[in-house]
Amino acid sequence: MKFTFTDKKVNIPNRVHTYAEKKIGKLDRYFQTEPEASIVFSVEKGRNNLEVTIRSASTVIRVAESTSDMFVTIDAAVASIERQLRKNKSRLEKRLRKEAFELPDDAYFVPENDVDEEAAYQIVRTKRFFFRPMSVEEAILQMNLVDHTFFAFRNADEGGAFSVVYKRNDGGYGIIIDED
């Protein structure tokens, strides 16, 4: 597993980085391709915050934890990731094709820099994604893995139409499909 550590407005000792690398490195067994882990440490109002984002192929798992002790925060984040993986592993094996989360080699997330031009609405961040065709079930699974409330994708069931699935307040899911 490849690691990227970021310390926001705090100096974290190397032993904490080593501990995080050891604990999060154990999650490597869940992935077919070598995952990349981005770990962000910060401290706010006496709370130790940790954000972990793991990318493997096109699967993205994100967890944020906060406790009073950084070592406990790391353990809680690893437990949360394992819980997400176990919860969704059976769904992946039962419902999805084997290559469901593999991206083409030339497609990868590339953030762009801020635009300097002044406009009525200022764009502060631009992201570019490859929208791979997938089923609605796959899109909901991806949305849950990144812990977002919506997910944009190309709907394979609708001939590749641009679609968005979202979480509803009543606990269900909704979908928006482009008619074009």
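The values are calculated or read from the model by the stated rules, or taken from the named source; none is laboratory data. Predicted model, so just to flag it, every value in this text is computed and none were measured. When we count neighbours, we look across all protein chains shown, and the Cβ atoms used for this are built from the backbone with ideal geometry, even at glycine. The area values use the complete protein model at the heavy-atom level, side chains included, leaving out ligands, DNA and RNA. Shrake-Rupley method; radii C 1.70, N 1.55, O 1.52, S 1.80 Å.
A few notes on this one:
- Qualifying trypsin sites (Lys or Arg not before Pro) for region 135-180 [loop in DSSP, other Cβ within 10 Å: at most 13]: R168
- Efficiency of FRET between I175 and T6 - r from beta-carbon atoms, R0 45 angstrom, step 0.05: 0.80
- When the surface is traced with a 1.4 Å probe over the full set of protein chains, M1 keeps roughly 40 Å² accessible.
- With the simple spin-label model, which puts each label point 7 Å out from Cα in the Cβ direction, the K45 to Y19 separation comes to 2.4 nm.
- Pairwise label distance in nanometres, S66 with R125, each label 7 Å out on the Cα-Cβ vector: 1.7
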